[in-house]
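Q: The structure that follows is given in the form of structure tokens.
The values are calculated or read from the model by the stated rules, or taken from the named source; none is laboratory data. Since this is a predicted model, take the numbers as computed values, not measurements. No Cβ is skipped: glycine too gets one built from the backbone with ideal geometry, and neighbour counts run over all protein chains shown.
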Amino acid sequence: MLATILAGGLLFLITVVSAGGISIDLFKSYVLPFLMSAFTLSIFWVFLFVRHKGKLPAFDEAEPPKDE
């Protein structure tokens, strides 16, 4: 997740240098997908964390079947 944000920031700097300024088209094409991916990964991480803490009963881990 952090690597995705770092890659987006680095790609933003590269687009600014290559375009000679801030280009909205390049930002939308190259940087925005990285930021959207990082946002999606952070939402996924929140659900995993909350599930692990047991705060969402609908997402409880399934208990293994007991031997009879």
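Residue-by-condition table, conditions (1) modelled with pLDDT of 80 or more; (2) of a type in the set (A, V, I, L, M); (3) surrounded by 12 or more Cβ atoms within 10 Å (Cβ to Cβ); (4) touching a strand residue (DSSP E or B) at 6+ places or on another chain (Cβ under 6 Å):
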site	(1), (2), (3), (4)
Leu13	yes, yes, no, no
Ala19	yes, yes, yes, no
Val31	yes, yes, yes, no
Leu35	yes, yes, yes, no
Val46	yes, yes, no, no
Val50	yes, yes, yes, no
Asp60	no, no, no, no
Lys66	no, no, no, no
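Q: Quick one: what pairs do we get from the stretch 39-54, first residue more than 19 Å from Ala3 (Cα to Cα), second exposed (fewer than 11 other Cβ atoms within 10 Å of the Cβ) and not hydrophobic (A, V, I, L, M, F, W, C), C-beta under 8 Å, 6+ apart or different chains?
A: Here the result reads Arg51/Asp60; Arg51/Glu61; Gly54/Asp60, each pair linking the stretch 39-54 to a residue that is exposed (fewer than 11 other Cβ atoms within 10 Å of the Cβ) and not hydrophobic (A, V, I, L, M, F, W, C).
Q: Kindly indicate the residue of the stretch 1-28 that is outside any helix (DSSP H, G or I) and among the small types (Gly, Ala, Ser) and also farthest from Phe44 (Cα to Cα) among those meeting that condition.
A: Only one residue tops the list, namely Gly20.
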